[in-house]
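Take a look at the structure below.
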Amino acid sequence: MIRGIRGATTVENNEQDEIVNRSLEMMQAIITANQLDADDVVSVYFTVTEDLTDTFPAKSLRQMDGWTYVPVMCMREIPVPGSLKKCIRVMVTARTEIEQAQIQHVYHHQAVQLRPDLKS
C-alpha cells in the first residue's frame, strides 16, 4: 500500500544549520513513528515559506545513511496572508502496511498549531 505521511516544523531563524537540523529532527521522528525504511520511500517533497531562503531542507536527508537515492524535491509554500511563518512542511510517500488511520503525522514546534487534531 502507498501512503502519504505529513509533517511540519518551524525555525526561529533563516539559517542553514537551523533549517537542516529542524528538518532532520522532523524526518527522524516520521521515520521512527512509521517504521520507515529508505527503500520503501517513493519520494519526499519539502515546502518552505517564502521567508526561508538560506538552504534546502532536503539536505537533511543527505545526512542519513541509506537515503542517498531517495528522490527529494523542495518547493515554496503558497504565501497565504496570516499563515505560519518560517515553516517547513514535508510529504513523504512510502510503501507501508500501516493502516491510514494509524499513520503518525509529525508536527513540531510552532507547527503543532497547523493540525492540533494530530498531536505527535
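Just so it is clear, none of the values below were taken in a lab; they were calculated from the coordinates. None of the values given here were measured: they were computed from a predicted structure. Here the Cβ is made from the backbone with ideal geometry for all residues, glycine too, and neighbour counts use every protein chain on show.
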Sparse-neighbourhood loop hits (GluC sites (Glu not before Pro), the range 1-59; DSSP loop; Cβ within 10 Å at most 10 others) -> E12
Taking amide H atoms as placed 1.01 Å from N in the peptide plane, list the residues 5 or more away in sequence, or in a different chain, whose amide H sits under 5 Å from that of Y107.
A8, S120
Summing -39500 (n - 2.57) over the DSSP H runs of n ≥ 4 in the chain and dividing by its residue number, what mean residue ellipticity at 222 nm do you reach, to the nearest 500 deg cm²/dmol?
-5000 deg cm²/dmol
In whole Hz and in residue order, list the ³J(HN,Hα) couplings for the range 105-112 that follow from phi through the Karplus curve 6.51 cos²θ - 1.76 cosθ + 1.60, θ = phi - 60°; x for Gly and Pro.
7, 10, 10, 10, 6, 5, 6, 4
Rounding to the nearest 10 and keeping the result within 0 to 90°, find how far the Cα-based axis of helix 16-33 lies from the longest principal axis of the chain.
30 degrees
Taking square-rooted eigenvalues a ≥ b ≥ c of the alpha carbon gyration tensor, is the chain rounded, prolate or oblate, where a/c under 1.5 means rounded and, failing that, a/b exceeding b/c means prolate?
oblate
Sort the range 8-70 into rounded, prolate or oblate with this rule: let a ≥ b ≥ c be the square roots of the eigenvalues of the Cα gyration tensor; rounded if a/c is under 1.5, and if a/c is not under 1.5, prolate when a/b is larger than b/c, oblate otherwise.
prolate
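Counting other Cβ atoms within 10 Å of each Cβ, which chymotrypsin sites (Phe, Trp or Tyr not before Pro) in the range 24-105 have at most 14 and sit in a DSSP loop?
Details: sites: Y45, F46, W67, Y69; in loops: W67, Y69.
Those that pass, being in a loop and sparsely packed, are Y69.
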